[in-house]
Each structure stands twice: as structure tokens, then as C-alpha cells.
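Quick notes on the structure that follows.
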Amino acid sequence: MGADIPQRGRRWLAPKSTWPADLTSQGADGARVGAAAVAPRERALAGRGGLPGKSKRLEGRGTALKVRAVIALKAEHRLEVLLDVAELPRSTFFYHQARLLAPDPQADLKAAITSIFKKSQARYGHRRVHTELVKQGWTIAKKTVLKLMRLLRLVCKVRRKNRYNSYRGEQGIVAPNLMKRQFEADAPNQKWVTDVTEFSVDDRKLYLSPVMDLFDRQIISYAIGTSPNLELANSSLRGALATLEEGQKPLVHSDQGFQYQHTSWRLLLQNAGAVQSMSRKANCYDNAVIENFFGHLKEELFNRVRFLNTEALTAALHEYIHWYNTERISTKLRGLSPVQYRAKALVA
């Protein structure tokens, strides 16, 4: 007689051997058909638009995904029905539920990574984020930072290749390549590099002509204009030459753009005692550092924002260059910005 009395505290379930055949039958591909052929207790839920439509979440997934689905659905349906459809033992479910609901041991680290990424306006990849974390006192591998950034979906954009070319043939004197890809400098104002890059805003163009000091990769002078003319390049050079101290005669490297072959450019250099150097024809690697700066500029600013006009882009360029010089860290500069690196070097 006792065999006919259901267990207290647990709703009676018939053994699977007594269930309708269609509940435990296998399809042509060997998959369980239980979600489509619903048992009577599940049909009641189906009539309310419940379990069968959502049970697809529970089938053919990993344990953790099934547990998350059961947690999401258990407020609407009986737990034992959900566990049966998901084919999850109760002990397995409660074990994973406890893990999912437990405090995240990496919560503080994830928050620090997210904060650094947002502060950089989504410009930093995992290497620079790792550098900032180390400066904050974290001990962590770069691969771990990369893994967590992927988990948090913190992705910086990849650079596009779209290079402005100012070469118009030999229109003056072509200087020899004295730089020879030796892009390191022992002190400020020893070696400079320069070039012009182009931006398109609707049907208008904007051009940037910066001069970079290879000692700390700082943009020491720049000019912005709507035409890549002689004055644009000369203006940025005059600004850079004005920063020189007595006896400083930098090597100034550029490509073979018409601006740099012109007499006015060469006279500015000669009057300051600077030495001119040019890349070989059609060889961007001879001026790779300034090209790299343009790549970062477009990746971290121009390709991320749709500018309505050239005035808005001009203001953004001023802001970006200031941020680049004063805040943007570089692994080549021991995790410092150009301004920070120079200040530290001058004190040492």
C-alpha cells in the first residue's frame, strides 16, 4: 500500500519507461524529440505560450548555458520540469547556480580595464591597457588582459590604409636619405620627421602637416589647412624651428613631396643650420614613424567619428594632438606619454 503513496514534498513522476513513446523517441539524426512532443504536464504550460517555445534554449547547449536558461525561466515554470527538459541533474544545477551567483573574483580587475579603455576613448588595445594596469599596481599577464577585454567586448578599431601622396615628380632638389631608418635619438631636437596627411569631410578636404621629434615622438609643431600647399608645410617647420636652442641643428626628414623639394623649404632649413634628408622614391618605410602616427590618428579619431564639417575636425585634431602629447602612453616610452618621457629624461 505504501508503494501507492507519493513521496512527501515531491510531486509524483512516473518512470520514463511508462511515458508515451514519443517523449523518449529519437529522431532521424538521433536527437531527442521531447521539446516537440510535450508531456501532459508540459502541454499545460504550452497552452500559456510557455515552455515548448522557450525550451530550445535548454537543448543541445553546454551545461553553463542550460543553467542560465533555467534560472531565467524558473520564475515562470516548475523547476523540475525545466531540469527534465534540459536533462540537468538537480545537484548539477544547484552547483552551477551557486557559481554563477557567487561574487566575481575578477570584478575589480574588469572594472579597472573598462575604466582605462573608456578613458582612452576606446583607443587603447590590450598592450596599452596592460601598461596602465601595471602602473596602477596590478600584476597581470598581457594574455589575461587580452582575454578579459574580449570577454568584456572592449575592442579598438583596426587602422585603415588610405595614404595621401604629395609626390609630383622631381620639381627641385632631392636630398639624400641621411636618416637611413635610424629613428632613434639620444636627445631632443636631434632628429625630426614630417609629412602631410589628408582627411575627407563630405566633399571637402583637410590637411595636417606635423613635425615630430624622434627623441620622444612628440608633435612639436603642426599646421592644419584646406590645401596641401607650400605654406602649410613651411608653417609647421617654422613653428618647430622656433623651439630650437642655441647650437641645436636637427636632421629633418621627409618624403619627396613637392613641398620639401621647394626652395622655400630648403632655405628655412639652411638658415636654421638644420640638415635635410629625404626618403627614397615611393618608399613609405623610410618615413615609417610619422606614417605610424597618421595611422594611430585616423584609427583613434577620424575613423571613429562622423564629422559634419572641417571646422569640427580641426577642433578635434587640436584636441587629439594635445592628448597624444600629454596623455597617450607608449610602450616605446616605457609606458609614458611624450611630454612625461621628456620631462623625466631632462631631470635624470
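Of the residues that make up segment 251-259, is at least one of a type in the set (Asp, Glu), crowded, with 21+ Cβ neighbours inside 10 Å and either touching a Phe, Trp or Tyr at 6+ places or on another chain (Cβ under 8 Å) or in contact (Cβ under 8 Å) with a residue 12 or more places away in the chain (or both)?
Step one: list which residues in segment 251-259 are of a type in the set (Asp, Glu), which gives 255.
Add one more test, that the residue is crowded, with 21+ Cβ neighbours inside 10 Å, and what stays is 255.
Filter once more, keeping what is either touching a Phe, Trp or Tyr at 6+ places or on another chain (Cβ under 8 Å) or in contact (Cβ under 8 Å) with a residue 12 or more places away in the chain (or both): 255.
Among the residues of segment 251-259, at least one is of a type in the set (Asp, Glu), crowded, with 21+ Cβ neighbours inside 10 Å and either touching a Phe, Trp or Tyr at 6+ places or on another chain (Cβ under 8 Å) or in contact (Cβ under 8 Å) with a residue 12 or more places away in the chain (or both), which makes the answer yes.
Among the conditions (1) at pLDDT 95 or above; (2) surrounded by fewer than 16 Cβ atoms within 10 Å (Cβ to Cβ), PHE199 misses just one, which is (2). Pairs linking a residue in segment 107-121 that is of a type in the set (Gly, Ala, Ser) to a residue that is not in a helix (DSSP H, G or I), with Cβ atoms under 8 Å and 6 or more positions apart or on different chains, are ALA112/GLN136; ALA112/TRP138; SER120/ARG328. Number of residues in segment 289-345 that are over 18 Å from LEU206 (Cβ atoms) and without any contact (Cβ under 8 Å) to a residue 40 or more places away in the chain: the value is 10.
Listed here are the residues, each with its yes/no results for (1) among the polar types (S, T, N, Q); (2) touching a Gly at 6+ places or on another chain (Cβ under 9 Å); (3) farther than 23 Å from ARG127 by Cα; (4) at pLDDT below 95.
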| site | (1), (2), (3), (4) |
| --- | --- |
| ARG266 | no, yes, yes, no |
| ALA274 | no, no, yes, no |
| LYS281 | no, no, yes, yes |
| ALA316 | no, no, yes, no |
| GLU319 | no, no, yes, no |
| ASN325 | yes, no, no, no |
| THR331 | yes, no, no, yes |
| LEU336 | no, no, no, no |
| GLN340 | yes, no, no, no |
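Name every residue in segment 219-242 that is farther than 18 Å from PHE293 by Cβ and surrounded by fewer than 18 Cβ atoms within 10 Å (Cβ to Cβ), in order of residue number. Within segment 219-242, THR226, SER227, ASN229, LEU230, GLU231, SER235, ARG238, ALA242 meet the criteria.
Selection of segment 147-157 for residues being buried (at least 16 other Cβ atoms within 10 Å of the Cβ) and in a helix (DSSP H, G or I) yields LEU148, MET149.
Condition test on ARG90, is it modelled with pLDDT of 50 or more, closer than 30 Å to THR144 by Cα and of a type outside the set (Val, Ile, Thr)?
Values: modelled with pLDDT of 50 or more: yes; closer than 30 Å to THR144 by Cα: no; of a type outside the set (Val, Ile, Thr): yes.
It is false that ARG90 is modelled with pLDDT of 50 or more, closer than 30 Å to THR144 by Cα and of a type outside the set (Val, Ile, Thr).
Would you say THR144 is under 30 Å from the mean Cα position of the chain (by Cα) and either modelled with pLDDT under 90 or part of a loop (DSSP other than H, G, I, E, B) (or both)? Answer is no for this residue. On the stretch given as segment 214-224, residues that are in contact (Cβ under 8 Å) with a residue 40 or more places away in the chain and under 25 Å from MET179 (Cα atoms) total 7. Among the numbered conditions (1) polar (S, T, N, Q); (2) surrounded by fewer than 20 Cβ atoms within 10 Å (Cβ to Cβ); (3) more than 23 Å from ILE116 (Cα to Cα); (4) in contact with a strand residue (DSSP E or B) (Cβ under 9 Å, 6 or more places away or on another chain), the only one that SER277 does not meet is (2). Please verify whether segment 255-262 includes one or more residues that are farther than 22 Å from LYS344 by Cα, acidic (Asp, Glu) and touching an Asp or Glu at 6+ places or on another chain (Cβ under 8 Å). Yes, segment 255-262 contains a residue that is farther than 22 Å from LYS344 by Cα, acidic (Asp, Glu) and touching an Asp or Glu at 6+ places or on another chain (Cβ under 8 Å).
How many of the residues in segment 224-261 are basic (Lys, Arg) and more than 18 Å from GLN190 (Cβ to Cβ)? Working first, answer last.
Applying the first criterion (basic (Lys, Arg)) to segment 224-261 yields 238, 249.
Right, trim to more than 18 Å from GLN190 (Cβ to Cβ) and you get 238.
Number satisfying all stated conditions: 1.
Here segment 245-284 is the region considered, the condition is being within 15 Å of MET179 (Cβ to Cβ) and in a helix (DSSP H, G or I), and the residue that is nearest to the chain's Cα centre (by Cα) is CYS284.
Which residue is farthest from ALA316 (Cα to Cα), if the candidates are limited to segment 170-227 and must be of a type in the set (Ser, Thr, Tyr) and assigned to a strand (DSSP E or B)? Lay out the reasoning, then the answer.
First, pick out the residues of segment 170-227 that are of a type in the set (Ser, Thr, Tyr): 194, 197, 200, 207, 209, 221-222, 226-227.
Now drop any that are not assigned to a strand (DSSP E or B), which leaves 194, 197, 200, 207, 209, 221-222.
Working: THR194: 20, THR197: 15, SER200: 14, TYR207: 13, SER209: 15, SER221: 16, TYR222: 14 Å.
Applying the filter and picking the extreme gives THR194.
The values are calculated or read from the model by the stated rules, or taken from the named source; none is laboratory data. Nothing here was measured: the structure is a model prediction, and the numbers come from that model. With ideal geometry, Cβ positions are generated from the backbone for all residues, glycine too; neighbour counts draw on all protein chains shown.
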